[in-house]
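The values are calculated or read from the model by the stated rules, or taken from the named source; none is laboratory data. Treat the numbers as computed from the prediction; the structure is a model and nothing was measured. Please note: Cβ atoms are built from the backbone with ideal geometry, for glycine as well, and neighbour counts cover all protein chains shown.
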Amino acid sequence: MFRKHYPWLTAGLAVAVIAMSSPALAQQVKVSQTIVEKVLNQPYAQAVAKIEAAIKGARFMIIGEPNYQQMQRMVGRERRGAKAYFIFRPDLGTPVFDNDFNAAMEIPLKILVYEADSNRTIVRYKLPSSALADYRGLGSFGNDLDKMLDNIVTAASK
């Protein structure tokens, strides 16, 4: 009954418990049904280096790397560190092309990394399972990709 009538309170308590956990660990918040956010308790430059190492360690290729901070500097604006990684592995394309070629519009996967403050970095990504949910035969594959992205970000948080 409590959860049914006060879902916002249940979610708020969950976030509070996560926030009180050890500062050495990444804090994870599911922002919505489709977006995951983790707070890495490390400076931006360190987090970026660890994310890149974790991406490569998982055998993913960095296909694109937009640097939003640098783009803002081009128009005279100063921003905190912010960049994204467009990542994928050629072997992971096979299920997409074999099951529903239209799902190719959902790849590469994207990870956003931005500086929260001098000692914390935010990592966000959309769950691949939600992006692939509408395509034929890709439900379990999307769940596998969810785990891969979680493993990448978890590795970067250590």
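Table for the structure above
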{"quantity": "Qualifying residue in the range 18-32 (condition: of a type in the set (Val, Ile, Thr), over 17 Å from residue 110 (Cβ atoms), surrounded by 11 or more Cβ atoms within 10 Å (Cβ to Cβ) and modelled with pLDDT under 95)", "calculated": "yes"}
{"quantity": "So residue 152, is it among the β-branched types (Val, Ile, Thr), in contact with a helix residue (DSSP H, G or I) (Cβ under 7 Å, 6 or more places away or on another chain) and more than 17 Å from residue 38 (Cα to Cα)", "calculated": "no"}
{"quantity": "Single unsatisfied condition, residue 51 versus (1) modelled with pLDDT of 95 or more; (2) part of a loop (DSSP other than H, G, I, E, B)", "calculated": "(2)"}
{"quantity": "Filter pass, residue 110 being crowded, with 17+ Cβ neighbours inside 10 Å, among the basic types (Lys, Arg) and either touching a Leu at 6+ places or on another chain (Cβ under 8 Å) or on the phi < 0 side of the Ramachandran plot (or both)", "calculated": "yes"}
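Quick grid of which residues meet (1) of a type in the set (Ser, Thr, Tyr); (2) free of Cβ contacts under 8 Å to residues at least 60 places away in the same chain; (3) under 20 Å from residue 147 (Cβ atoms):
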| site | (1), (2), (3) |
| --- | --- |
| 51 | no, no, yes |
| 55 | no, no, yes |
| 66 | no, yes, no |
| 79 | no, yes, no |
| 82 | no, yes, no |
| 86 | no, yes, yes |
| 96 | no, yes, yes |
| 99 | no, yes, yes |
